[in-house]
Amino acid sequence: MMRQAGRYMAEYQALAKRHPSFRERSENTDLIVEITLQPWRAFAPDGVILFSDILTPLPAIGVPFDISDSKGPVIQSPVRSKEQVRELVPIDLDMLQFVGESLKILRNEIDGKAALLGFVGAPWTIATYIVEGGMTNTYTNIKSMCHTAPDVLKGLLSHLAQAISDYIIYQVNSRAQCIQIFDSWGGQLPPHVWEQWSKPYIKQIVSRIKKECPNVPLVLYINGNGGLLERMKNTGVDVIGLDWTVDMTDGRRRLGNGISVQGNVDPAFLFSPLPVLTDEIHRVVKAAGPKGHILNLGHGVLQKTPEEAVAHFFDVTRRLRYDTLFQGSVAEELHHVA
């Protein structure tokens, strides 16, 4: 469940009071391990997701940032010129040892009882923060750069693609078993613009990872990806994450059977009566079909989500049996859940 560790959990809230800095919580090995394990101990999901942030590697490439309680990430010197791009450095993995150490400890802690998942931001999405100087609702600076300073933007995206590839390999070498690539703001682009300014850099990353870490599955998630599904398919990733605005049946039809899917229960269903949540889980699983589906939310867990609902999500999923869910119509083709 995306964002399964974090603000909705009372245990996390208590820890955050003792350690109020998000940077500390996400860059201290002991705290990363503790926060990562909180939802696993509480709900026993099949995936344990490293507690981190897509911006965590930025200082390691020469882009310092702060996190403001009111504004979110703040980059004091947005990168918008050729000179600034030239000042960026190859990723210094020594500055990210807390990530590698945390992953190694987590693999030992979970001891094969769940998969350990790492993640990164896609070049376009990371670039939006670097160019805009933080969060934005309009993306006007980076979108205009596509036309006013295309060489600068290409240089930035190429540098990020190299750094993110190195970072993925570092996570895998530190024993992460699967990596999700978040192009969170790729859905803010018209499809033909995404095709030109985001997709090539994702493909560059995927191509390198498939050569150097061929057995590690890669998941690609874009928020608002309904207009991009077919274009996402040939990036080379193993799994396409569907957000909650895409109908699972339609998504499956458009993507075909040659690629797996992830998702896509609307996180707001976790505020519904539990029987309603149960019905929605069943609907999504039936629509996804018997093969190549990772049940997840269509976005991260929302703040103030009842922990009872999160527990129910995992309990219902663990109890699912394809033969009874599909009432025998396709049961002969399915494997029972272990």
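The values are calculated or read from the model by the stated rules, or taken from the named source; none is laboratory data. Quantities reported herein were computed from a predicted structural model and do not represent experimental measurements. Here Cβ is always computed from backbone atoms with ideal geometry, including for glycine, and neighbour counts include all displayed protein chains. When the accessible area is computed, the model is the full protein with side chains, heavy atoms only, and any ligands, DNA or RNA have been set aside. Shrake-Rupley method; radii C 1.70, N 1.55, O 1.52, S 1.80 Å.
Worth a mention:
- Counting charges near Val152 (Lys, Arg +1; Asp, Glu -1) among other residues having Cβ under 12 Å from its Cβ returns a value of +2.
- As a length-normalised measure over Cα pairs under 8 Å and 6 or more apart, the relative contact order of region 34-153 settles at 33 percent.
- Principal-axis tilt of helix 274-288 within the chain, Cα atoms, nearest 10 degrees: 80
- Farthest towards the positive end of the charge dipole of region 1-136, among the residues Tyr8, Thr128, Phe22, is the Cα of Tyr8, using unit charges on the Cβ of Lys, Arg, Asp and Glu.
- Total charge dipole magnitude, the chain, about the Cα centre, Cβ charges on Lys, Arg, Asp, Glu only, Debye to nearest 20: 520
- For region 57-92 versus region 134-191, the spacing of their alpha-carbon centroids is 13 Å.
- Ligands, DNA and RNA left out, the accessible area of the chain computed with a 1.4 Å probe is 50% carbon and sulfur.
- With Cα atoms, 0 to 90° folded angle of helix 307-319 axis to the chain main axis: 60
- Folded to 0 to 90 degrees: helix 123-132 orientation relative to the chain principal axis, Cα: 50
- Taken about its Cα centre, region 64-141 carries a charge dipole of roughly 240 debye when the Cβ of each Lys and Arg holds +1 and the Cβ of each Asp and Glu holds -1.
- Over the chain, DSSP H runs of length four or greater, each weighted -39,500 (n - 2.57), average out per residue to a 222 nm ellipticity of -14000 deg cm²/dmol.
- The residues of the chain have, on average, 44 Å² of accessible surface per residue, using a 1.4 Å probe with all protein chains present.
- Relative contact order, percent, region 225-284 [alpha-carbon distance under 8 Å, six or more residues apart]: 31
- Here's the list of lysines a cross-link from Lys233 could span, going by alpha-carbon distance under 21 Å and ignoring same-chain residues fewer than 8 apart: Lys199, Lys203, Lys210, Lys211, Lys291.
- Contact order normalised by residue count of region 242-322, Cα under 8 Å, 6+ apart, percent: 38
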